[in-house]
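**Student:** Next up is a structure, given as C-alpha cells.
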Amino acid sequence: MKRKIDADVAIVGGGIVGCAAAYYLAKRDVSVVLIERSVVGGEASGRNAGGVRAQCRNRSERLLAMASIELWKGLETELGFDVEYVQGGNIRLATTEERMDDLRSEGEEELAAGLHVEVWGQDEVRRRAPYLSDIFIGAKYCATDGVANPLLVPRAFGWAAGRIGVQVLEHTEALDVEVRGGRVAAVHAQCQEGELVVEAPWLIHAAGPWSSELSQTLDVDLPLHPLRVVLAVTQPVAPFFTEFLSSHDLKVYARPARSRNIHLGLHGDRDTTFDKRTPPEALCQFQRVIEMVPCLRGIDILRTWSGTLAVTPDGLPIIGTVDGIEGYVLATGFSGHGFCLGPIVGRLLSERIVDGRPSMPLDEFRPSRFQHRVETSDSLAFCSTLRPSD
Ligand SMILES: Cc1cc2nc3c(=O)[nH]c(=O)nc-3n(C[C@H](O)[C@H](O)[C@H](O)COP(=O)(O)OP(=O)(O)OC[C@H]3O[C@@H](n4cnc5c(N)ncnc54)[C@H](O)[C@@H]3O)c2cc1C
C-alpha cells in the first residue's frame with residue numbers, strides 16, 4: 001500500500017541546498033518533507049573542498065557569496081553544531097604577468113563591490129606566506145574567505161531542520177512529479193518500505209547533477225552535465241598555514257583541516273562522468289602541490305575521493321520558478337561553488353515561498369534563460385538550448 005504524507009513543501013535532494021532550504025522554511029513554520037535517495041550530504045555537498053569564498057566569482061554570484069558568508073559567521077550558533085568553520089583567508093597565486101593582470105582587474109572589481117581583497121607583489125607574498133615556493137610573482141588575498149568541514153555542514157542543517165519539524169527521509173528516491181491544474185500536486189517516491197506519495201503544492205528540486213532525471217518527468221530538460229572532481233588528503237602535519245591556497249597556473253589547491261591533515265585538489269583535467277573512481281593519473285597530478293608548497297615534499301597522501309558537480313552552459317546555477325508549472329522551484333547547477341552559497345540560497349528559497357519574493361535578486365539565475373517554449377500538438381513543453389536565450 002502507498003504511504004501518503006501531506007506537506008506545504010516537498011524538497012528533493014539532501015545536499016546543502018536542499019537541507020538549508022528545509023531548515024529556513026521550517027523556521028518560518030512551513031511543513032517540509034525532504035526526500036534524499038541516499039544519505040544527507042552523501043554527494044558533492046559532503047565531498048567537496050570545504051572552501052567558503054567570495055573572491056574570484058562572477059559578479060552576481062559574488063553578491064550571493066558575500067551574503068552567504070554573513071550567514072556562515074553565525075551558522076554554528078544558528079544550527080547548534082560545530083562545523084569547523086574558520087575564516088583563515090584565501091590566497092590566489094600567480095606565476096605569470098598575464099595571470100597577475102587578471103587578479104589585479106578582478107581585485108579592482110571586488111573592491112568596488114565592497115569585498116575587501118589585497119593584491120600582493122612578490123615581496124609581499126614572501127613576507128605574508130613564507131612557506132610558498134619562490135615561483136610566485138604575486139597573489140590576491142581575501143582575509144574573510146575561509147573553510148568548513150563538508151562532512152558536517154549538510155548534516156548539521158539536516159539535523160537542525162529535523163529538530164524543528166522537517167521530515168528528513170533518507171534512502172527515499174523521488175521518481176515522478178504529479179501536476180494538477182498547472183500546479184505541483186505531489187511527488188511520488190520509493191523508499192525501503194515501498195511507495196510513498198508526498199502531497200505538496202510546492203516542490204524544491206535540488207538534486208544536483210541528477211536533477212535532469214526528475215525534471216524530465218515534467219518535460220523540463222535541464223542543460224546540466226556532471227563533472228568528476230578528485231580530492232586527496234595528506235597525513236597530519238604540524239600546522240604552518242591557515243589559508244586556502246590556489247594556483248591556477250599549477251592547477252592545484254591546498255587547504256588545512258582542523259584535523260591537521262591537508263586537503264589537496266586539482267583544477268582542470270576533470271571528467272564529464274558520474275563515475276566516482278579516482279583516475280590513476282590523479283595521484284601524479286597531486287605532486288604539483290610540492291611546486292606550490294615545497295615543504296610538503298615527502299608527506300604521504302592517505303587517500304583520494306571524488307565528487308560530482310552539476311555544471312550549466314554559462315557556469316551559473318539555475319535558481320527559481322519554472323514558467324507554466326506553479327510551485328515548481330529549481331535550485332541546481334551549482335558547479336564548484338555551491339558549498340559556500342548553500343546557506344543563502346536556502347534562505348532565499350524560503351523567502352520566495354513564504355514572502356512571494358526573495359530579499360536578494362535571483363533573476364540572473366532564472367531557469368528560463370535556458371528554456372524556450374515550443375508548441376506541441378497537445379501541450380506546451382520546454383526545451384533546453386545550449387545557449388542562454390538572451
Ligand atoms: C570535489 C569537489 C570540490 C568542491 N569544492 C567546493 C568548494 O571548495 N567550495 C564550494 O563552494 N563548492 C565546492 N564544490 C561544489 C559544491 O560541493 C556543490 O556545488 C554543492 O555541494 C551542490 O549542492 P547541492 O545541494 O546542489 O547538490 P548535491 O550535494 O549534489 O546534492 C544533491 C542530492 O540530491 C540527491 N538526489 C538526486 N536525485 C534524487 C532523487 N531522484 N530523489 C532523491 N534524492 C535525489 C543526491 O543523492 C544528493 O544527495 C565542490 C564540489 C566537488 C565535487
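Nothing in this text is a laboratory measurement; each read-out follows from the coordinates by a stated rule. Remember, predicted model here, so these are calculated numbers, not experimental data. Cβ sites come from the backbone with ideal geometry, for glycine too, and all protein chains shown count toward neighbours.
**Student:** Quick one: 3J(HN,Hα) in Hz for segment 248-265, Karplus 6.51/-1.76/1.60 with θ = phi - 60°, rounded, Gly and Pro as x.
**Tutor:** So the J values, rounded to whole Hz, are 5, 6, 7, 6, 8, 9, 8, 8, x, 10, 4, 5, 6, 6, 10, 8, 10, x.
**Student:** Considering only lysines 8 or more places apart in sequence, or on different chains, count the pairs in the chain whose C-alpha atoms sit under 24 Å apart.
**Tutor:** For the chain, the number of qualifying lysine pairs is 5.
**Student:** Based on DSSP H runs of at least 4 residues, each adding -39500 (n - 2.57), what is the mean residue ellipticity at 222 nm of the chain after dividing by all its residues, to the nearest 500 deg cm²/dmol?
**Tutor:** That calculation yields -8000 deg cm²/dmol at 222 nm.
**Student:** Related question: Using only Cα atoms, find the angle between the long axis of helix 338-355 and the longest principal axis of the chain, and express it within 0 to 90 degrees, rounded to the nearest 10.
**Tutor:** Tilt of helix 338-355: around 30 degrees.
**Student:** Show me the ranking of peptides 325-338, 273-286, 98-111, 65-78 by mean Cβ neighbours inside 10 Å, starting with the highest.
**Tutor:** Highest mean packing first, the order is 325-338, 65-78, 98-111, 273-286.
**Student:** In degrees, nearest 10, range 0 to 90: what is the angle between the Cα axis of helix 16-27 and the longest Cα principal axis of the chain?
**Tutor:** That helix lies at roughly 60 degrees to the long axis.
**Student:** Considering only DSSP beta bridges whose two residues both sit in the chain, what percent are antiparallel, to the nearest 5?
**Tutor:** 70 percent
**Student:** Hey, got the dipole for the chain? About the Cα centre, +1 on K and R Cβ, -1 on D and E Cβ, debye to the nearest 20?
**Tutor:** 900 debye
**Student:** For segment 183-281, give the magnitude of the charge dipole about the Cα centre (Cβ charges: +1 Lys/Arg, -1 Asp/Glu; no others), in debye to the nearest 20.
**Tutor:** Roughly 580 debye, rounded to the nearest 20.
**Student:** Calculate how steeply helix 97-112 sits against the longest principal axis of the alpha-carbon atoms of the chain, using the helix alpha-carbon long axis, and give the answer as 0 to 90 degrees to the nearest 10.
**Tutor:** So the inclination is approximately 60 degrees.
**Student:** Once you have a ≥ b ≥ c as the square roots of the Cα gyration tensor eigenvalues for the chain, tell me rounded if a/c is under 1.5, and otherwise prolate or oblate according to whether a/b is larger than b/c.
**Tutor:** Verdict is prolate for the chain.
**Student:** Once amide H atoms are placed 1.01 Å from N in the peptide plane, what residues at a sequence separation of 5 or more from residue 202, or on another chain, have their amide H within under 5 Å of its amide H?
**Tutor:** Those qualifying (amide H under 5 Å, at least 5 residues apart or on another chain) are 10.
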